[in-house]
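Worksheet for the structure shown next.
Nothing in this text is a laboratory measurement; each read-out follows from the coordinates by a stated rule. Small disclaimer: the values here were computed from a predicted structure and weren't measured. No Cβ is skipped: glycine too gets one built from the backbone with ideal geometry, and neighbour counts run over all protein chains shown.
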Amino acid sequence: MCRRIAEGTRWTRCGHFQRHMVVAIVDCNTTRCERSVYHHRGCRKPTCARDFGLEIQWDIDSVDEYCWACRAAQERAARGSCLQ
């Protein structure tokens with residue numbers, strides 16, 4: 001499977017990655033991947049890979065905090081414990 005290379009922010013406390021942009025595509029060079037330049041045009045085989053593989057993540061900066069989603073989950077959990 002072809003893979004995308006993405007640049008973004010790494011939230012160090014939770015380890016999550018926030019993608020800012022995809023900067024390149026790594027071609028897998030196989031005829032069985034619809035994303036590859038080697039895939040035959042007009043191919044209709046259901047066995048060909050259609051999606052990208054795991055994203056390659058390049059950290060362009062890091063933040064010593066939890067990401068927005070983790071912070072929101074922590075706040076919801078704290079509010080839920082106050083209601084009991």
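Taking packing as the residue-averaged number of other Cβ atoms within 10 angstrom, the listed peptides 22-28, 47-53 run from highest to lowest as 22-28, 47-53. For a modelled paramagnetic label at GLU65, 7 Å from Cα along Cα-to-Cβ, the residues of region 8-42 in reach, with backbone nitrogen under 16 Å, are 9-19.
Seen against the Cα atoms of the chain and their longest principal axis, helix 68-83 is set at about 40 degrees. With contacts taken as Cα pairs under 8 Å at a separation of at least 6 residues, the chain carries a relative contact order of 37 percent. Taken over the chain, the convex hull of the Cα atoms encloses 126 Å³ per residue. Label point of ARG32 set 7 angstrom out along Cα-Cβ; within region 1-17, amide nitrogens under 13 Å from it belong to 1-2. Residues in region 1-30, backbone N under 17 Å from the label point at PHE52 (7 Å along the Cα-to-beta-carbon vector): list them, ranges by number please. Residues passing the 17 Å test: 1-10, 17-30.
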